[in-house]
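Okay, so here's the structure we're looking at.
The values are calculated or read from the model by the stated rules, or taken from the named source; none is laboratory data. What you see is a predicted model; the values in this text were computed from it and never measured. Glycine gets a Cβ as well: all are built from the backbone with ideal geometry, and neighbour counts include every protein chain shown. What goes into the accessible areas is simple: the full protein's heavy atoms, side chains included, and nothing from ligands, DNA or RNA. Shrake-Rupley method; radii C 1.70, N 1.55, O 1.52, S 1.80 Å.
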Amino acid sequence: PGHPVMRNRVRVRVVGHLTHPAIPDEVRREIGAVTRLTEANGAATLTICFAYTSRYEMVDAIRSAARACAQRALAPADVSAAELERRMCTIAPVPVDMIVRTSGERRLSDFLLWQAADAAVFFIAEKWPEFSLASFIVLVLRFHASRAGLAVADEKGRLETAPVAASADATTRLGRRW
């Protein structure tokens, strides 16, 4: 009850390839304990991507749909994007709106690629340790200004129109700084 997660009624979810043999049993037990302890919390949800890749998540959803088809619980004609989304471990009621990629990298990473299909992507030169709340607020303001036509910000903060699909490891760490 004294921990901020419990005080603020935050539900903790851990998603990814949690059965991977490299994950120690002790870590799996701790993940289970935290998720059970917080499962009734409903004010907010913190999803932690651990041993997570988009490829694994998509393949796992496809395998799940294939098993359901083999068991005749799902007709092959009913396999759709929406059906696959329901089978993904990162199920969220709200899509990813904005992704920040720090360090000047301009490449796709294997992180939330399905969920970020319509997200605005900001590639910035700042390294993660220097990325500040002020920098984040500027990007949020640019995001809202550019929402009419999806845009990508380059390393100098200039907006470019471009196909919007990318990923960032920075999105997993925003909460740690603030």
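Some notes on this structure:
- For the stretch 1-61, chymotrypsin sites (Phe, Trp or Tyr not before Pro) are listed when DSSP marks them as loop and at most 16 other Cβ atoms sit within 10 Å of their Cβ; the list is PHE50.
- In the context of the full set of protein chains, the stretch 44-141 has a per residue accessible area of 58 Å² (1.4 Å probe).
- Rounded, prolate or oblate (a/c below 1.5 giving rounded, otherwise prolate when a/b exceeds b/c) for the stretch 1-150 by Cα gyration tensor: oblate
- Over all directions, the projected convex hull of the C-alpha atoms in the stretch 58-119 averages 5.0 nm² in area.
- Equivalent ellipsoid, the stretch 9-88 (semi-axes from 5 times Cα gyration tensor eigenvalues, Å): 27, 17, 11
- Inter-label distance for MET6 and TYR56, nm, one decimal - labels placed 7 Å from Cα along Cα-to-Cβ: 3.0 nm
- Protection-proxy order for peptides 97-103, 26-32, 70-76, each taking the mean of Cβ atoms within 10 Å per residue, highest first: 97-103, 26-32, 70-76
- Descending semi-axes in Å of the stretch 1-47, equivalent ellipsoid built from Cα gyration tensor: 23, 11, 7
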